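> First, the structure itself, so that you have it in front of you.
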Amino acid sequence: MRLLSLVHGPHVRSEVFGDVARADRHSLDEWSVHVDPEPPHPVESYDAVFVFGGHMNVDEEGRHPWLVPEDVLIRELVERGVPLLGVCLGGQLLAKAAGAWVGPSPGREAGFVRVRLSDGAEADPVFGSLPREFDVFSVHEYAFEVPEDGVELARSSVCAQAFRLGDLAWGIQFHPEIRIGQIEEWLHDDPAFPDADEILAELRARYDEWRDFGSRLCRAFLAVADAHRGSVLVPGTAPNP
């Protein structure tokens with residue numbers, strides 16, 4: 001498959017998801033939407049799209065005007081039925097594009113937090129095979145509500161953690177794609193994280209398990225995207241690798 005990652009800075013890239021895509025012989029392009037007005041290839045040529053995080057918030061269009069066309073693009077991708085997975089800011093952008101509230105989180109979540117699957121996750125092709133409760137790694141200031149037409153998949157004690165919109169779009173609040181060095185960059189000398197050393201120590205101790213979780217989640221999404229691609233291929237045409 002040909003995959004596209006929308007990224008919003010040098011420390012919020014595809015990371016582990018990129019490793020999975022390349023290991024499984026998919027083609028992956030990264031598009032720095034805050035720098036480049038156009039992706040490497042026409043958006044229509046991609047089989048699935050990731051939307052990753054960033055330090056900005058969804059309501060900061062004045063400071064980051066590129067958020068406006070990105071909102072339009074996400075709406076178009078959903079309308080066209082392109083498989084999409086939004087992570088943290090990406091999940092918030094998907095929720096906002098679907099008309100849901102996105103704003104300051106009702107509580108702080110930094111480090112590993114316990115989440116519980118919602119009833120809607122049982123039949124979900126990405127979340128349905130996960131344990132009923134598990135820990136996720138989160139770093140976020142904003143949170144989303146589940147869109148009116150969406151299905152809540154997971155929730156922590158603070159906020160919704162995952163939802164599905166339609167059959168092919170997912171938004172998640174946590175970070176299954178991260179590397180340790182990436183989080184060191186996020187928390188370095190940031191007064192908002194006086195407990196950064198403790199957060200990083202736990203991440204280092206649990207990272208192998210967390211990376212494996214992220215790899216499985218990514219592959220579950222890519223399996224849905226691949227099945228969808230197969231269902232829409234025109235007879236006689238060759239699929240993208």
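Just so you know, all these numbers are worked out from the coordinates, no wet-lab data involved. Not measured: the values here are computed from a predicted model. With ideal geometry, Cβ positions are generated from the backbone for all residues, glycine too; neighbour counts draw on all protein chains shown.
> Which order do the peptides 162-170, 54-62, 145-153 take when ranked by the mean count of other beta-carbon atoms within 10 Å per residue, highest first?
Sorting 162-170, 54-62, 145-153 by mean packing, highest first, produces 162-170, 145-153, 54-62.
> Less than 9 Å Cβ to Cβ from residue 58, Lys/Arg counted +1 and Asp/Glu -1: what total charge do the surrounding residues give?
For residues surrounding residue 58, the net value is -3.
> Can you figure out the FRET efficiency of residue 55 with residue 132, using R₀ = 45 Å and their beta-carbon distance, to the nearest 0.05?
Calculated value: 0.85.
> Sorted by packing (mean other beta-carbon atoms within 10 Å per residue), highest first, where do 186-199, 131-144 land?
131-144, 186-199
> Starting at the first residue of the stretch 194-206, write each ³J(HN,Hα) from the Karplus equation 6.51 cos²θ - 1.76 cosθ + 1.60 with θ = phi - 60°, in whole Hz, x for Gly and Pro.
So the J values, rounded to whole Hz, are x, 9, 4, 4, 5, 4, 5, 5, 5, 4, 4, 5, 10.
> Another question, then. Can you compute the modelled spin-label distance between residue 148 and residue 45, with each label point 7 Å from Cα toward Cβ, in nm?
For the pair residue 148/residue 45, the computed spacing is 3.8 nm.
> Additional query: Assuming a ≥ b ≥ c are the square roots of the Cα gyration tensor eigenvalues, decide whether the stretch 2-232 counts as rounded (a/c under 1.5), prolate (otherwise, with a/b larger than b/c) or oblate.
Judged from the Cα gyration tensor, the stretch 2-232 comes out rounded (a/c under 1.5).
> While we're on this one: Quick one: check the C-alpha center-to-center distance for the stretch 63-113 versus the stretch 4-35, whole angstrom.
Result: 17 Å between the Cα centres.
> In addition: Using the Karplus equation 6.51 cos²θ - 1.76 cosθ + 1.60 (θ = phi - 60°), what ³J(HN,Hα) coupling, rounded to whole Hz, does each residue of the stretch 217-226 give in order, writing x for Gly and Pro?
5, 4, 5, 5, 5, 5, 5, 5, 4, 5
> Residues with beta-carbon under 9 Å from that of residue 114, excluding residue 114: net charge, scoring Lys, Arg +1 and Asp, Glu -1?
Around residue 114, the surrounding residues sum to -1.
> Between residue 30 and residues 5 or more places away or on another chain, which pairs have amide H atoms under 5 Å apart, with H built 1.01 Å from N, and which residues are they?
5
> Quick check: Cα centre of the stretch 172-220 to Cα centre of the stretch 118-154, how many Å?
Measuring centre to centre over Cα atoms gives 18 Å.
> What's the extension gain from residue 32 to residue 101 if we count 0.36 nm per residue and subtract their Cα-Cα distance?
Extending this stretch completely gives an extra 22.3 nm.
> Still on this structure: Over the stretch 2-232, what is the mean sequence separation of C-alpha contacts under 8 Å (at least six apart), divided by residue count, expressed as relative contact order in percent?
Across the stretch 2-232, relative contact order equals 20 percent.
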